[in-house]
Amino acid sequence: MSDEFPGALLIQFAKAPQLGQVKTRMQPQLSVEQSLALHCDLVRRTHQTIHRAALCQSQLWISGEDSAGFFQSLQPLPTIKHQRGADLGQRMHSAIATGLGHWQSVLLIGSDCPAINRNYLRQCLLALETVDVVLGPAEDGGYVLIAMKTAAPGVFDGVSWSSPQVLAQTRARLAALQLSYFELPVLNDIDRPEDLVHLEGLPGQKKTSE
């Protein structure tokens with residue numbers, strides 16, 4: 001079966017699963033080991049969602065050293081790239097610009113939002129046919145998804161990453177650059193203990209807090 005959007009690339013961003021370095025905001029409600037297990041579960045879940053969706057080509061862009069070989073254990077085996085840049089904005093721009101060297105559009109998601117599904121991704125790709133940028137807003141003031149048809153670096157300038165202002169600042173950047181954009185429905189990232197409630201009821205999810 002051929003991809004529905006052959007001109008698009010879907011990029012998944014993920015941190016290497018290192019004990020004490022991932023999901024640190026979950027502590028002390030979750031132990032360091034539970035936080036690592038949650039991170040791995042979310043990365044795996046996102047990877048599986050992408051491949052079940054089969055909408056377009058995909059790549060996994062990682063940061064940090066995968067000393068345990070976790071990413072190599074994912075099935076099907078992803079095309080793995082390494083993130084480059086001093087902050088999240090630079091890393092996203094680098095990945096998107098690289099992808100746009102080979103594809104007409106690039107959709108980038110993190111690994112913290114298990115609510116992203118095939119319909120959400122497809123809605124994004126359809127919307128991107130008529131606008132420059134698509135955003136998937138997060139409940140915490142950030143976003144779970146960004147898709148672009150042009151690698152405009154200014155989109156990520158002056159954004160206070162990991163703050164509640166990320167989405168608002170990005171909207172302001174898009175307006176200043178006169179880029180048209182569309183926003184998808186708001187979803188929840190799994191970043192803090194209070195976010196764990198959003199895992200309940202998702203298919204196949206085991207309770208990490210037990």
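The values are calculated or read from the model by the stated rules, or taken from the named source; none is laboratory data. Computed from a prediction, not measured in an experiment: that's the story for all the values here. Neighbour counts run over all protein chains shown; Cβ positions are idealised from the backbone, glycine included.
Worth a mention:
- Where strands (runs of 3 or more DSSP E) fall wholly inside the range 106-183, the ranges with 3 or more residues that are in contact with a helix residue (DSSP H, G or I) (Cβ under 7 Å, 6 or more places away or on another chain), modelled with pLDDT of 95 or more and surrounded by 15 or more Cβ atoms within 10 Å (Cβ to Cβ) are 133-137, 143-148.
- Selection within the range 10-24 - surrounded by 14 or more Cβ atoms within 10 Å (Cβ to Cβ) and out of contact with any Cys (no Cβ under 8 Å at 6 or more places or on another chain): I11, Q12, F13, A14, K15, A16, Q18, Q21, V22, K23
- Residues located in the range 184-202, provided they are modelled with pLDDT under 90, surrounded by 11 or more Cβ atoms within 10 Å (Cβ to Cβ) and more than 15 Å from M26 (Cβ to Cβ): L202
- Flag for Q72 being farther than 23 Å from N117 by Cβ and either assigned to a helix (DSSP H, G or I) or in contact (Cβ under 8 Å) with a residue 60 or more places away in the chain (or both): yes
- Condition met for Q48 (among the polar types (S, T, N, Q) and loosely packed, with under 14 Cβ neighbours inside 10 Å): no
- Residue within the range 27-39 that is in a helix (DSSP H, G or I) and of a type in the set (S, T, Y) present: yes
- Qualifying residue in the range 61-83 (condition: of a type in the set (A, V, I, L, M), within 12 Å of M148 (Cα to Cα) and surrounded by 18 or more Cβ atoms within 10 Å (Cβ to Cβ)): no
- Per-region count, the range 61-112, residues touching a strand residue (DSSP E or B) at 6+ places or on another chain (Cβ under 8 Å), among the hydroxyl-bearing types (S, T, Y) and under 20 Å from P17 (Cβ atoms): 3
- Subset tally (residues that are loosely packed, with under 15 Cβ neighbours inside 10 Å and free of Cβ contacts under 8 Å to residues at least 40 places away in the same chain) for the range 84-98: 3
- Restricting the range 25-38 to residues that are within 19 Å of the chain's Cα centre (by Cα) and without any contact (Cβ under 8 Å) to a residue 40 or more places away in the chain, the residue that is surrounded by the most Cβ atoms within 10 Å (Cβ to Cβ): S35
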